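Step one of this worksheet: look at the structure below.
The values are calculated or read from the model by the stated rules, or taken from the named source; none is laboratory data. As the structure is a prediction and not an experimental result, all values here were calculated from the model. Cβ: placed from backbone, ideal geometry, glycine included. Neighbour counts: every protein chain shown. Quick note on the areas: whole protein, heavy atoms, side chains included, nothing else; ligands and nucleic acids left out. Shrake-Rupley method; radii C 1.70, N 1.55, O 1.52, S 1.80 Å.
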Amino acid sequence: MKKPILLLGVLLTIGFQAAAIEAPSVGLGKTLFESTELGSKGNSCKTCHPQGKGLGKVGDFNDTELKDIINACLRDALGAAMISPDSQEMDALLAYVRSFQKN
């Protein structure tokens with residue numbers, strides 16, 4: 001009787017952890033947004049966009065367009081490698097940047 005309960009507990013734990021890993025994290029997005037270690041120029045996204053300055057109209061862009069814009073900023077402003085548009089890191093950055101949306 002204890003084995004089925006233990007198995008159920010393990011499956012539930014794995015399921016909850018997998019869901020947590022797959023969901024974009026605004027906290028991770030904020031960490032990446034503020035990190036000066038993403039690129040080679042010693043800047044972060046926050047350097048150009050303190051408190052989300054200039055990001056109020058991100059709602060004008062769909063996710064694909066905004067991911068392209070984020071990657072262009074990473075490449076050009078930070079000297080960073082671009083992030084895969086399908087990655088958890090990009091989804092987290094996208095979620096954090098969207099938190100500044102005013103429209």
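When you scan segment 75-103, how many residues do you find that are open to solvent by 20 Å² or more (accessible area, probe 1.4 Å), assigned to a loop (DSSP other than H, G, I, E, B) and in contact (Cβ under 8 Å) with a residue 12 or more places away in the chain?
9
Would you check which residues across segment 43-59 are open to solvent by 80 Å² or more (accessible area, probe 1.4 Å) and within 15 Å of the chain's Cα centre (by Cα) and list them?
46, the sole residue that qualifies.
Being modelled with pLDDT under 95 and either among the hydroxyl-bearing types (Ser, Thr, Tyr) or part of a helix (DSSP H, G or I) (or both): is that true of residue 40 here?
Yes.
List pairs: first residue in segment 60-72 and touching a residue at least 12 places away in the same chain (Cβ under 8 Å), second residue in a loop (DSSP other than H, G, I, E, B) and open to solvent by 70 Å² or more (accessible area, probe 1.4 Å) anywhere in the structure, Cβ distance under 7 angstrom, at least six positions apart or on different chains.
Hits for this filter: 60/103; 71/82.
Filter segment 60-74 down to the residues that are over 16 Å from the mean Cα position of the chain (by Cα) and loosely packed, with under 14 Cβ neighbours inside 10 Å and list them by number.
Of everything in segment 60-74, just one residue is over 16 Å from the mean Cα position of the chain (by Cα) and loosely packed, with under 14 Cβ neighbours inside 10 Å, namely 60.
Would you tally the residues in segment 28-42 being crowded, with 16+ Cβ neighbours inside 10 Å and not aliphatic (A, V, I, L, M)?
The number of residues fulfilling the criteria is 4.
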